[in-house]
Each structure stands twice: as structure tokens, then as C-alpha cells.
1. Are any residues in segment 47-66 exposed (fewer than 14 other Cβ atoms within 10 Å of the Cβ) and closer than 15 Å to Ala18 by Cβ, and if so, which ones?
2. Within segment 98-106, is even one residue surrounded by fewer than 15 Cβ atoms within 10 Å (Cβ to Cβ) and either touching a residue at least 24 places away in the same chain (Cβ under 8 Å) or closer than 21 Å to Arg35 by Cα (or both)?
3. Inside segment 1-42, can you point out the residues that are within 23 Å of Pro68 (Cβ to Cβ), hydrophobic (A, V, I, L, M, F, W, C) and touching a residue at least 40 places away in the same chain (Cβ under 8 Å)?
4. Taking into account only those residues within segment 57-69 that are in a loop (DSSP other than H, G, I, E, B) and within 16 Å of the chain's Cα centre (by Cα), which is nearest to Trp43 (Cα to Cα)?
5. From the list Ala18, Ala44, which one is over 23 Å from Ala82 (Cβ atoms) and not charged (D, E, K, R)?
6. When only residues in segment 1-46 that are in a helix (DSSP H, G or I) and of a type in the set (Val, Ile, Thr) count, which is least open to solvent (accessible area, probe 1.4 Å)?
7. What is the residue count in segment 87-97 for residues that are open to solvent by 90 Å² or more (accessible area, probe 1.4 Å) and aromatic (Phe, Trp, Tyr)?
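The values are calculated or read from the model by the stated rules, or taken from the named source; none is laboratory data. Just so it is clear, the structure is predicted and the values come from calculations on it, not from any experiment. All Cβ positions, glycine included, derive from the backbone under ideal geometry; neighbour counts span all protein chains shown. Please note that ligands, DNA and RNA were not included when accessible areas were found on the heavy atoms of the full protein model with its side chains. Shrake-Rupley method; radii C 1.70, N 1.55, O 1.52, S 1.80 Å.
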Amino acid sequence: MWTPTTRRQHSRAGLRYASDLTDAEWRLLEPLLPRRHRQGRRWAWPQREIINAIFYVLRAGCAWRLLPDSFPPWRTIYRWFARLRDGGVFESLNHHLVMHDRERAGREA
């Protein structure tokens, strides 16, 4: 049931887009995503922006080329999406989040 407390907790009012991650959601996802290697080129874009852009496309159902200019270039976003998809990261995220929710609900993981 939606109470004033839960409405505040799940509010997306301060976000740029409704599909953007809140700080609490990012804290859950960040440890499950691939880390940057110590050696090699630095990432040009923050990982949170890339995930926000992927979620924008998935939520809006728009083409990659129609991403707003406030996100990194669409080719970068699509490359990351393909890397995460092909590496099984989305399946791993789903598994870990389901287990986390089951434990939160007091059930066996």
C-alpha cells in the first residue's frame, strides 16, 4: 500500500528522467557490474550514466539513435549494452536482485 513514507522512498522527482537510477538503486547495482581494469585506457563516461542511458532506451522503447543529447553518444551506449548482454551481466544482475529481494522478504534465497 502506498503511504506517504513509501511514496517518498520511491519518488523519482529529483531525477533527470524517470528511468534514471536513484542513489539507493545505484548502490545495489554498482558492485554487480564489471569493474575498470587498473591498466588500460580510462573510461570516458561514468558507468552510472551508461546504465541510465540503457534503462532510458529500455523504458522508452526508442531507437538507440534517439537517445537525448544529455547521455553519452548512442554508439557508446549500444557497445556497452552489447558487452553486458553478451557477457551475461544482465542475467547475473537479475539473479542477484531476485535473491536479494527473497532475503529481504524473509524467504530462503
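1. Going through segment 47-66, the residues exposed (fewer than 14 other Cβ atoms within 10 Å of the Cβ) turn out to be 58-59, 61-63, 65-66.
Listed by number, the residues that qualify are Leu58, Arg59, Gly61, Cys62.
2. Within segment 98-106, the first condition is being surrounded by fewer than 15 Cβ atoms within 10 Å (Cβ to Cβ), and the residues that meet it are 98-106.
Adding the requirement that they be either touching a residue at least 24 places away in the same chain (Cβ under 8 Å) or closer than 21 Å to Arg35 by Cα (or both) leaves 100.
Yes: one or more hits.
3. Ala18, Leu29, Leu33 - these are the residues of segment 1-42 that are within 23 Å of Pro68 (Cβ to Cβ), hydrophobic (A, V, I, L, M, F, W, C) and touching a residue at least 40 places away in the same chain (Cβ under 8 Å).
4. Out of the qualifying residues, it is Leu67.
5. Sole residue among the options that is over 23 Å from Ala82 (Cβ atoms) and not charged (D, E, K, R): Ala18.
6. Taking segment 1-46 first, the residues in a helix (DSSP H, G or I) are 4-9, 23-32.
Keeping just the survivors that are of a type in the set (Val, Ile, Thr) gives 5-6.
Working: Thr5: 84, Thr6: 36 Å².
Going through the qualifying residues, I end up with Thr6.
7. Residues of segment 87-97 open to solvent by 90 Å² or more (accessible area, probe 1.4 Å): 91, 94-95.
Restricting the remaining residues to those that are aromatic (Phe, Trp, Tyr) gives none.
Count: 0.
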